[in-house]
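Every number in this text was worked out from the coordinates using simple rules, so none of it is lab data. Note that the coordinates shown come from a computational prediction; the quantities given were computed from them, not determined experimentally.
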Amino acid sequence: MRQINATLSITLDGVIQGLGRPDEDTRGGFTHGGWGGRYNDEVMGREMGKGMAKTADMLFGHRTWTDFITAWGTRADDNPFTVYMNAASKYVVSRTLENADAWQNSILLSGEAAETVAKLKAGPGNDLTIIGSASLVRSLHAEGSSTTSRC
C-alpha cells in the first residue's frame, strides 16, 4: 500500500493560497499572492531537497496541477526541481478535466477524490507526494484517508 505525504506552505493564520506569484490565486479577492518568496531560504531548500530525495509519484488537485504546468512543465532547464517534476509520474484528481495530456507523465484520476485516491493508494507503486492542493488534502482528510502532512 502506498503512503500519501502532503507538503503545504502555510502561514500561522492559515493562508495557503497564492504562495508563488502575485497573480497565482486571486479567488475570493485574495490580494497577497507571492507571499512565499521571501521565505525561500537555505532551510526551505533543504526541506524541499529532502522530499525530492525520496522516490515518489506526485498527486495533485486540478488547480495546483494546472498552475504547476506553467511554473515547471514548460521549463527545460537543469534545475533539480524542474528535472524532478517533469520526470515524475503525476496523478491529477479532477471531476472536470477531460485529459491530462498538457504535461508529460500525467495521469487523470476522474471522479470523487476520496474514492479514486483510495484505489490508487491501495495499488502497487511509489508513495504519493502532494505539494499544495489544499482542497484535495482537506477532502482526503475529511474522508479519513491516512495522509502525513508537513507544513
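Only Cα pairs under 8 Å and 6+ residues apart enter the sum, and on that basis the relative contact order of the chain stands at 36 percent. Database remark: amide H of THR129 closer than 5 angstrom to the amide H of ASN5, ASP57, MET58, LEU59 (H placed geometrically; neighbours at sequence offset of 5 or more, or on other chains; Pro and chain starts carry no H).
Taking region 34-151 on its own, what percent of its Cα-Cα pair distances exceed 18 Å? When all Cα pairs of region 34-151 are counted, 53 percent exceed 18 Å.
Of the beta bridges in the chain, as assigned by DSSP with both residues counted there, near 0 percent are antiparallel. Highest GNM mean-square fluctuation, the chain, Cα pairs closer than 10 Å: which of GLU42, GLU24, GLU112? Sorting by GNM fluctuation, first place goes to GLU42.
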